[in-house]
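Colleague: Before we start, here is the structure in question, set down as structure tokens.
The values are calculated or read from the model by the stated rules, or taken from the named source; none is laboratory data. None of the values given here were measured: they were computed from a predicted structure. Reconstructed Cβ throughout: ideal geometry from the backbone, glycine too, with neighbour counts over all protein chains shown. Each accessible area value is taken on the protein alone, full model and side chains, heavy atoms only, with ligands, DNA and RNA left out. Shrake-Rupley method; radii C 1.70, N 1.55, O 1.52, S 1.80 Å.
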Amino acid sequence: MDKVLNLLSMVANEKGLDFEEVKEAFKRSIIKTAKKILGDIDVDVELDENGELKIYQNFTVVNDDRALEEPEKYLYLDEAKEFDENASIGDKLRAELDLSKLGRSGAMALQREFEREITRLLENEIYRKLISKLNTIVSGEVVKVDSEENTWVELEGVKGVLPRRNRIKGEKFEVGDVLKALLKYVHFDNKKGITIELSRTAPKFLEKLIENAVPEVRDGIIKIHGSARIPGVRSKVAVSSLNPKIEPIGTIIGKNGVRINAISNELHGENIDVIEYSSKPEIFVARALSPAIVKNVKIDEKNGIAYVEVDPNEKAKAIGKNGVNITLASMLTKYKIELKEPQEKSNDTSKLENLFKI
């Protein structure tokens, strides 16, 4: 019987699975096979550390018609006494089953069932690994682009899909391309297997690209407070530094813009505004509307509205082309932004400057 343990050990090593899990899968395979061939019986399987395999069929001792109707589960008392002379009604008895008596068809059925169990273990292992990578960037080779322009990517032995809705407008991928995306969703179903959804349009994808490109972000020195995107067009990301000696915006942009340009290229030329976060909502809203110069901000917390004063010549900048700038600022700050012109024409910016005073 050492051959059984050797076989299970070999399977575990080849597939990268836990030996104990493989052993339990083998026991489940025997139980399922026995039930398929012998009917709905109660079966126990024991496999000890020495490789001794024993299979038992369990019976309940009764003194009624159940022994006649379901002989695979129940024994009359007089039959039970042939196994154990001390047997009494309600006792549980078991008889050893000889696996070889299941025949050639039984052996083939056991092999198929064990293969299915191993496949499930492999899927579970892949699922656990993928779950640990949720909301991180993964990469893989494009293996198919279907008629609906969904892009299928090979990821560690399982295929993930980048739906068309999660693809940046204007992007096109071909079989053989290597694609980076955010691992957005993972689901496991016993019938359908693993479902994986990828995204290149999620704000988190931008944040993770920055994290991967900037060591200070990875190390926690610079913190990303949030981001907003119109994928492939423009985005805004709010950052702060926990180290006063490290300037967050310049660090993320990189020397001559090398870091931010590389990220922009990955996002199909998306323009990225990096702004410094502030816990004061008035300052945060003003910064989020950059490059427009803001005169004053008044926050209505109850209704979630930010009333922003800008000079007439700054209004177009605040709104941006097709409303992109004000939309992103609103998404980033979580306030509905309403622009208004100052009631009195003045160069006095003291209202906003006061917000910056300690």
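Colleague: Any residue at all in the stretch 279-286 that is among the charged types (D, E, K, R), in contact with a helix residue (DSSP H, G or I) (Cβ under 8 Å, 6 or more places away or on another chain), over 18 Å from Ser227 (Cβ atoms) and open to solvent by less than 40 Å² (accessible area, probe 1.4 Å)? Working first, answer last.
Modeller: Within the stretch 279-286, the first condition is being among the charged types (D, E, K, R), and the residues that meet it are 280, 282.
Then drop every residue that is not in contact with a helix residue (DSSP H, G or I) (Cβ under 8 Å, 6 or more places away or on another chain), which leaves 280, 282.
With the extra rule that they be over 18 Å from Ser227 (Cβ atoms), the set shrinks to 280, 282.
Checking which are open to solvent by less than 40 Å² (accessible area, probe 1.4 Å) leaves us with none.
Scanning the stretch 279-286, I find no residue that is among the charged types (D, E, K, R), in contact with a helix residue (DSSP H, G or I) (Cβ under 8 Å, 6 or more places away or on another chain), over 18 Å from Ser227 (Cβ atoms) and open to solvent by less than 40 Å² (accessible area, probe 1.4 Å), so the answer is no.
Colleague: Considering only the stretch 43-80, how many residues are part of a loop (DSSP other than H, G, I, E, B) and under 49 Å from the mean Cα position of the chain (by Cα)?
Modeller: The number of residues fulfilling the criteria is 9.
Colleague: Output the residues belonging to the stretch 268-295 that are in contact (Cβ under 8 Å) with a residue 60 or more places away in the chain and either of a type in the set (Val, Ile, Thr) or farther than 20 Å from Glu314 by Cα (or both).
Modeller: Across the stretch 268-295, the qualifying residues are His268, Glu270, Ile272, Lys280, Ile283.
Colleague: Still on this structure: Cβ-Cβ below 9 Å, separation at least six or inter-chain, first residue in the stretch 95-110 and without any contact (Cβ under 8 Å) to a residue 60 or more places away in the chain, second open to solvent by 90 Å² or more (accessible area, probe 1.4 Å): which pairs?
Modeller: Note: pairs meeting the criteria are Ala95/Phe83.
Colleague: Can you say whether Ile326 is within 16 Å of Glu341 (Cβ to Cβ), open to solvent by 50 Å² or more (accessible area, probe 1.4 Å) and either within 34 Å of the chain's Cα centre (by Cα) or of a type in the set (A, V, I, L, M, F, W, C) (or both), as far as the supplied structure shows? Break it down stepwise before answering.
Modeller: Values: within 16 Å of Glu341 (Cβ to Cβ): yes; open to solvent by 50 Å² or more (accessible area, probe 1.4 Å): no; either within 34 Å of the chain's Cα centre (by Cα) or of a type in the set (A, V, I, L, M, F, W, C) (or both): yes.
Taking the combined requirement at face value, the residue does not satisfy it.
Every residue, every condition in (1) touching a residue at least 60 places away in the same chain (Cβ under 8 Å); (2) out of contact with any His (no Cβ under 9 Å at 6 or more places or on another chain); (3) within 30 Å of Met10 (Cβ to Cβ), yes or no:
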{"site": "Thr33", "(1), (2), (3)": "yes, yes, yes"}
{"site": "Asp42", "(1), (2), (3)": "no, yes, no"}
{"site": "Ile55", "(1), (2), (3)": "no, yes, yes"}
{"site": "Glu70", "(1), (2), (3)": "no, yes, no"}
{"site": "Asp78", "(1), (2), (3)": "no, yes, no"}
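Colleague: Select from the stretch 28-42 the residues that are open to solvent by less than 40 Å² (accessible area, probe 1.4 Å) and assigned to a helix (DSSP H, G or I) and write down the one among them that is modelled with the lowest pLDDT. Walk me through it before giving the result.
Modeller: Initially, the stretch 28-42 is screened for residues open to solvent by less than 40 Å² (accessible area, probe 1.4 Å), giving 29-30, 33-34, 39, 41.
Subset that is assigned to a helix (DSSP H, G or I): 29-30, 33-34.
On the way: Ser29: 92, Ile30: 88, Thr33: 88, Ala34: 85.
Among them, the one singled out is Ala34.
Colleague: Testing Ile252 on (1) assigned to a helix (DSSP H, G or I); (2) open to solvent by 50 Å² or more (accessible area, probe 1.4 Å), one condition comes back false. Which one is that?
Modeller: That leaves (2) as the condition not met.
Colleague: Select from the stretch 303-323 the residues that are of a type outside the set (D, E, K, R) and not in a helix (DSSP H, G or I) and write down the one among them that is most open to solvent (accessible area, probe 1.4 Å). Walk me through how you get there before you give the answer.
Modeller: Filtering the stretch 303-323 down to residues of a type outside the set (D, E, K, R) leaves 303-308, 310, 312-313, 316, 318-320, 322-323.
From what's left, not in a helix (DSSP H, G or I): 303-308, 310, 320.
Numbers: Asn303: 102, Gly304: 21, Ile305: 24, Ala306: 0, Tyr307: 70, Val308: 0, Val310: 2, Gly320: 19 Å².
Per the stated criteria, the residue is Asn303.
Colleague: A follow-up question, please. Out of Asp2, Asp48, Asp65, report the one residue that is at pLDDT below 85, under 30 Å from Arg128 (Cβ atoms) and not hydrophobic (A, V, I, L, M, F, W, C). Talk me through it step by step, then tell me what you get.
Modeller: Values: Asp2 fails: under 30 Å from Arg128 (Cβ atoms); Asp65 fails: under 30 Å from Arg128 (Cβ atoms).
Unique residue meeting the criteria: Asp48.
Colleague: Could you tell me how many of the residues in the stretch 70-111 are open to solvent by less than 50 Å² (accessible area, probe 1.4 Å) and of a type in the set (A, V, I, L, M, F, W, C)?
Modeller: 10
Colleague: Starting from the stretch 227-253, take each residue that is within 15 Å of Lys204 (Cβ to Cβ) and in contact (Cβ under 8 Å) with a residue 60 or more places away in the chain and list its partners that are crowded, with 18+ Cβ neighbours inside 10 Å and of a type in the set (D, E, K, R), counting only C-beta distances under 6 angstrom and pairs at least six apart or across chains.
Modeller: Ser227/Glu207; Ala228/Lys236; Ser235/Arg229; Ser235/Glu270; Lys236/Asp273
Colleague: Looking only at the stretch 2-17, count how many residues are in a loop (DSSP other than H, G, I, E, B) and surrounded by 13 or more Cβ atoms within 10 Å (Cβ to Cβ). So that I can check it myself, show each step before the final result.
Modeller: Taking the stretch 2-17 and keeping what is in a loop (DSSP other than H, G, I, E, B), we get 16-17.
Filter again for surrounded by 13 or more Cβ atoms within 10 Å (Cβ to Cβ), leaving 17.
Count: 1.
Colleague: Mind checking which residues of the stretch 225-240 are assigned to a strand (DSSP E or B), open to solvent by 40 Å² or more (accessible area, probe 1.4 Å) and among the β-branched types (Val, Ile, Thr)?
Modeller: Filtering the stretch 225-240 for residues assigned to a strand (DSSP E or B) gives 225-230, 234-240.
From what's left, open to solvent by 40 Å² or more (accessible area, probe 1.4 Å): 225, 230, 234.
Matches in the stretch 225-240: Ile230 only.
Conditions (1) within 19 Å of the chain's Cα centre (by Cα); (2) at pLDDT 95 or above; (3) acidic (Asp, Glu), marked per residue:
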{"residue": "Pro163", "(1), (2), (3)": "yes, yes, no"}
{"residue": "Ile168", "(1), (2), (3)": "no, yes, no"}
{"residue": "Lys172", "(1), (2), (3)": "no, no, no"}
{"residue": "Ile194", "(1), (2), (3)": "yes, no, no"}
{"residue": "Gly220", "(1), (2), (3)": "no, yes, no"}
{"residue": "Lys223", "(1), (2), (3)": "no, yes, no"}
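Colleague: What do you reckon, is Phe114 closer than 22 Å to Ile263 by Cβ, open to solvent by less than 50 Å² (accessible area, probe 1.4 Å) and outside any strand (DSSP E or B)? Break it down stepwise before answering.
Modeller: On the way: closer than 22 Å to Ile263 by Cβ: no; open to solvent by less than 50 Å² (accessible area, probe 1.4 Å): yes; outside any strand (DSSP E or B): yes.
Considered against the rule, which asks whether it is closer than 22 Å to Ile263 by Cβ, open to solvent by less than 50 Å² (accessible area, probe 1.4 Å) and outside any strand (DSSP E or B), Phe114 comes out as no.
Colleague: Which strands (runs of 3 or more DSSP E) does the stretch 144-223 wholly contain that include 1 or more residues that are in contact with a His (Cβ under 9 Å, 6 or more places away or on another chain) and crowded, with 17+ Cβ neighbours inside 10 Å?
Modeller: Numbers: elements: 151-155, 158-162, 178-189, 193-199.
Answer list for the stretch 144-223: 193-199.
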